[in-house]
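Worksheet for the structure shown next.
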Amino acid sequence: FSVENIRNFSIIAHVDHGKSTLADRLLELTGTIDKTKNNKQVLDKLQVERERGITVKAQTASLFYNWEGKQYLLNLIDTPGHVDFSYEVSRSLSACQGVLLVVDANEGIQAQTVANFFLAFEAQLSVIPVINKIDLKNADPESVEKQIEKVFDIPGDECIKISAKLGTNVERVLQAVIERIPPPKVHRINPLRALVFDSTFDQYRGVIANVALFDGVVSKGDKIVSAHTKKIHEVNEVGVLNPNEQPAHKLYAGQVGYLIAGMKDVTEAQIGDTLYLHKQPVEPLPGFKSAKPMVFAGMYPIDQSEYNNLKSAIEKLTINDSSVTVHRDSSLALGAGWRLGFLGLLHMEVFNQRLEQEYNASVILTTPTVPYKAVLSSAKLIKDYREKEITIINPAQFPEKSKVTEYLEPVVLGTIITPDEYTGKVMMLCQARRAVQKNMIFIDQNRVMLKYIFPLNEIVVDFYDSLKSLSSGYASFDYEDAGYQTAELVKMDILLNGNIVEELVTIVHKESASRGGTERGRQRIRSRLQALSCQPRAQCGAETCELQDHDLSQSWKLNRLRHPGAPRDKAHSVGKAICERLKDSLPRQLFEIAIQAAIGSKIIARETVKAYRKNVLAKCYGGDITRKMKLLKRQAEGKKKLRKVGNIEVPRDAFIKVLKTQ
Ligand code: GDP
Ligand code: MG
């Protein structure tokens with residue numbers, strides 16, 4: 001293929017706007033897959049993708065297409081849409097010259113449409129807007145066209161209106177790819193320069209690297225070098241993805257394909273690496289910014305005997321997903337394990353599910369936390385820690401206030417797109433999450449785009465769910481990293497009869513709500529209650545307060561006015577919940593146990609487990625000694641699974657229960 005006849009492009013969109021379906025149609029139209037079969041998201045190969053109906057991993061397919069007497073090679077890279085995987089998107093884009101920006105004709109521009117557009121825009125790619133799902137009854141392609149003009153400054157007449165489901169106008173998409181996206185700028189006569197933009201691990205063949213060739217040619221038998229490791233490898237196989245691997249003799253500059261070269265180790269197949277010929281070293285291509293983990297959680301085998309299995313499963317899976325960071329960690333209660341960093345909660349869930357499904361490993365995950373920072377206050381401390389600013393990925397290692405000049409928390413720039421009728425509620429939700437508004441524009445008569453700076457920990461767990469529920473599912477949300485800001489953070493300990501349980505330490509923000517209130521503040525709350533036509537104090541009969549979900553900025557205070565026993569602020573409610581759960585899962589012992597949540601020396605929640613004498617022999621009447629022995633032995637075995645906190649024996653299960661549901 002002459003370079004002139006090659007196009008490398010990606011499909012980007014908000015989740016569910018039809019990327020994978022469009023990819024199916026493109027594969028059919030070009031005869032890459034059989035049209036007679038009922039093809040559904042064929043590029044979503046992973047089980048988790050099929051079950052969840054989302055794309056997690058970018059996929060590549062080479063299509064051949066004849067147009068105006070010429071044959072073209074079109075390399076298509078399907079990408080995930082969810083915010084947690086935008087790293088995959090930006091990586092895929094580095095192998096492309098253009099994108100199809102798919103927008104649902106019914107839903108219009110959504111938060112991830114915006115985020116993905118800017119990734120393509122910053123990479124200086126040609127953008128072809130595609131309005132999909134025009135077959136839907138409520139489709140309004142004209143107004144979506146106007147949104148595209150307004151938000152992206154792309155002339156409306158450049159939009160291609162299609163139905164990926166029915167195949168309407170899909171041929172025009174292929175023609176636009178040929179006409180509007182430039183061929184790659186590459187040089188075949190130069191020495192080989194290949195970018196590793198993705199890699200997967202195969203048990204039998206080792207690492208399969210997806211490469212985009214910027215210069216030169218590579219074929220079987222070539223000796224290649226990784227710019228990153230400087231190690232030499234012999235190429236065993238090259239080929240194209242069709243979308244399944246199809247070996248070829250050579251790969252030429254401008255092509256996208258795969259390469260197998262006996263790389264066996266995670267570090268030997270770094271994404272973003274440049275490969276070149278052993279005899280002809282070249283300048284490496286600019287790599288990628290490494291992915292920055294946003295949430296950390298401890299991961300432990302359910303049973304310590306599974307440690308080695310889990311270790312190798314994690315190693316293999318991180319080759320397929322290099323955005324996960326891994327640190328060894330251990331806990332008295334849970335044994336040896338790891339602290340893993342993920343791009344978001346969905347990413348964490350998907351990783352966990354893949355471990356279970358693809359590697360048959362079952363694990364305990366501890367409560368996720370964001371990477372806080374602390375600036376140390378004394379020269380001695382700085383020397384001990386070997387840096388002035390430390391990152392805290394494990395709450396148990398949170399340095400106390402006396403050691404630091406300030407704490408910092410990660411923040412993100414969030415984009416929310418919502419129908420105007422929900423703007424008020426959305427703004428209140430954001431306020432309750434300590435967010436600061438940056439911008440607000442109307443993208444058409446009834447849709448608003450809001451920009452906020454959010455503390456990451458306020459959105460990691462349940463922000464998206466709250467946003468969806470208060471907007472009846474219509475608001476969408478996406479965010480990008482925005483650095484750090486100063487924060488008032490405190491460590492919340494969980495104590496059993498006065499002894500700290502390290503595994504349950506949590507970092508919380510000092511809510512202003514916990515500091516009493518002024519008369520004016522109370523007046524404001526009363527009038528709010530009136531506005532909501534709700535009674536203060538115990539007169540409110542509601543079982544649970546709907547305000548708590550909707551996070552009105554004063555919801556904690558309001559909730560307390562209505563239900564005097566309700567927790568005072570977030571720290572109180574988190575502490576209370578942990579204590580309650582611990583109470584339910586702790587077996588009674590010979591003495592009373594006090595379960596407390598404390599911030600510093602201040603106790604904010606307490607539960608008590610009453611004393612009880614468990615006699616395993618109680619039900620054993622008569623003198624069957626072997627049966628008695630058996631029972632005693634079982635009790636002794638049970639003891640091995642206990643962790644002593646002070647003089648209290650806490651079974652492993654109790655930790656698992658508390659950690660799992662936190
Ligand atoms: P992705 O998340 O962007 O990859 O979206 P999918 O391709 O998985 O599509 C999401 C949903 O929209 C699926 O249920 C598709 O069947 C549906 N869909 C995709 N394109 C069309 C279309 O043109 N018309 C209609 N009515 N539904 C579509
Ligand atoms: Mg998809």
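Laboratory data are not the source of any read-out in this text; all were calculated from the coordinates shown. Note that the coordinates shown come from a computational prediction; the quantities given were computed from them, not determined experimentally. Because the Cβ atoms are built from the backbone with ideal geometry, glycine has one as well, and the counts that use them run over all protein chains shown.
Observations
- Tail beyond 18 Å, pair distance distribution of the stretch 317-381 (Cα, percent): 48
- The three principal axes of the Cα atoms in the stretch 283-358 give end-to-end lengths of 47, 24, 22 Å, sorted in falling order.
- With Cα atoms defining each centre, the stretch 197-263 and the stretch 449-470 are spaced 41 Å apart in the structure.
- When every Cα-Cα distance of the stretch 186-273 is counted in 5 angstrom steps from zero, the calculated P(r) takes the values 3, 16, 28, 31, 17, 5, 1, 0 percent.
- Above-threshold pairs, the threshold being 31 Å between Cα atoms, out of Lys468/Lys576; Lys70/Lys165; Lys264/Lys383: Lys264/Lys383
- The three principal axes of the Cα atoms in the stretch 334-483 give end-to-end lengths of 59, 45, 19 Å, sorted in falling order.
- q = 0.15 Å⁻¹: log10 I(q)/I(0) that the Debye formula gives for the stretch 106-220, counting C-alpha atoms only: -0.86
- Here Arg193, Arg606 are placed in order of increasing Cβ neighbour count within 10 Å, fewest first, which gives Arg606, Arg193.
- The stretch 183-195 - phi-based ³J(HN,Hα) in whole Hz, Karplus 6.51/-1.76/1.60, Gly and Pro as x: x, x, 8, 9, 10, 6, 7, 5, x, 4, 9, 10, 9
- Over 25 Å between alpha carbons, listed pairs Lys570/Lys602; Lys403/Lys491; Lys403/Lys657: Lys403/Lys657
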